[in-house]
């Protein structure tokens, strides 16, 4: 799963640059959480577009994650990009005051969608295209909020596993304390991805790599030394989240259906 | 003889823009005294056309853009790729070899990749032949991208006497490893070297670059001589204009030394193939 970081950086910056220019955008915008993925996306965006053309939104929920906010600020400062901090707690709290919930995941999803909503609004204000931050591990496991943190215009990280992002981050010069911190989706205080998933990213990525990239049957993956329960859990998560990787289903009743046999390139007329 | 491979990034669905691109590069090639200029697969249209395929198809016998490219070939023979509407109304992924204002040959892609990220079989009709044809430089044959990954196609050009195998390609790169190129690039190079060596023919592989819908076209265009030696190679992923001097005499020299072609037995292969096809199990 080793990657050649300079080659990958070259491809991904080319991708960002070309896609933005096709859609006649000069600027990119993204949410900076203080975590590894958004830091790497921001570093790539700056390499592709220049620091003047990247806007980082720091969108904390009140005081919940002070340290994340500080890390996000470090990324912004290192890259010298324009940034804006918007506390999402007034909007989220107002909503839950009217529609209370004790489900912390539900609350976390709402926060992710609040951030998405602000990002899209600022995309319009700034005429800047939203650059995604979801990695391949998250996309395959469905470990993200649909129409929340998964929402974006282009996603340079979508074909790199978390452990590969770490390799890339080291090469790009992402600050060490951001690279070394424990990954969290930030859905609630003290949450960590690996605790919630019950597996380490190293294990997850190795299993995903064999199942997905190498097309290895389940039994062979287990035979190659991974615990049956872990492999089964990962397969269950992949299957359960297919809807997050697709457009909504449409009953195909006309002579030609959007997304089915009305098929045009994303780069149509660009 | 001077051969140039134009490793370009055509604009998707924009024939006029791409025609200009062809004309500009041809002017540059002319200045450098290039004898044969090769563009990649679907160089006139871009690759990921999907439902645009039908709208962008042109009839080689009457289309105005095609005529302009014929005019361009008066200065220098050239190969380019386009979406062809056949006389039968079917749409093909084609490459044309033009020289002196004439169409010497049009190859219609036979092997249409329809798996994984590829869906050509959904939008194109398949070609039915691999013909060799005479050029000012001797007998040549053409293949388009996935054609070249089926070595039976190369065998037909070999049996047909081609000394110049021209492969136009729009091959995306797949697989990032520790190397500074896509894993799939070495697959094309392996085939290029092997086919050149065992066909005792030149292999000109012109791939495109640029991105379409997230596909990253890998570049890395190359030329192998009939001994299977790499003559020149363009960089991966970046645009390039690769010009190389080749010695056509090497075809004869190599065929004298290694008589693969003299000792070829197409009749036996043909009969064996007939038997194999006849005995397919239902």
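None of the figures in this text is laboratory data; all of them are computed from the coordinates on show. The structure presented is a predicted model; accordingly, all values stated were derived computationally and were not measured. FYI the Cβ positions are ideal-geometry reconstructions off the backbone, even for glycines, and counts take in every protein chain you see.
Some notes on this structure:
- Length available on full extension from residue A:249 to residue A:171: 0.36 nm per residue minus the Cα-Cα distance, which gives 24.0 nm.
- Taking B:263, A:267 and counting other C-beta atoms within 10 Å, the order from fewest to most: B:263, A:267
- Secondary structure note: in chain B, about 65% of the DSSP beta bridges are antiparallel.
- Point-to-point label distance, residue B:51-residue A:147, nm (Cα→Cβ direction, 7 Å offset): 2.4
- Counting other Cβ atoms within 10 Å as a rough exposure proxy, the listed residues A:152, A:68 run A:68, A:152 from fewest neighbours to most.
- Measuring spread by the Cα atoms of region A:100-184 yields a radius of gyration and Dmax of 14.5, 45 Å.
- Rounded to 5, percent antiparallel among DSSP beta bridges of region B:104-245: 55
- Estimated 222 nm signal from helices in chain A, with DSSP H stretches of n ≥ 4 weighted -39500 (n - 2.57), rounded to 500: -15000 deg cm²/dmol
- Estimated inter-spin distance, residue A:10 and residue A:106, nm [label 7 Å along Cα→Cβ]: 5.1
- Adding -39500 (n - 2.57) for every DSSP H run of four residues or longer, then dividing by how many residues chain B holds, sets the calculated 222 nm ellipticity at -8500 deg cm²/dmol.
- Rounded to two decimals, the Cα radius of gyration of the protein assembly as shown over 2.2 N^0.38 Å is 1.11.
- Under 20 Å from the residue A:181 label point (7 Å along Cα→beta-carbon), backbone N, region A:46-72: A:46, A:55-72
- Over region A:22-171, the ratio between the Cα radius of gyration and 2.2 N^0.38 Å evaluates to 1.02.
- Alpha carbon centroid spacing (whole Å) that separates region B:177-199 from region B:116-166: 18
- Each part gets one Cα centre, and for region B:228-282 versus region A:2-68 those centres are 46 Å apart.
- Legend: P(r) of chain B from all alpha carbon pair distances, 5 Å bins from 0, whole percents, reading 1, 6, 13, 18, 20, 17, 13, 8, 4, 1, 0, 0.
- Compactness of chain A as Cα Rg over 2.2 N^0.38 Å, two decimals: 1.03
- Modelled this way, with points 7 Å down the Cα-to-C-beta line, the labels at residue B:122 and residue A:202 are 4.1 nm from one another.
- Reducing region A:237-265 and region A:132-179 to their Cα centroids gives an inter-centroid distance of 24 Å.
- Counting only DSSP beta bridges whose two residues both lie in the protein assembly as shown, roughly 55 percent are antiparallel.
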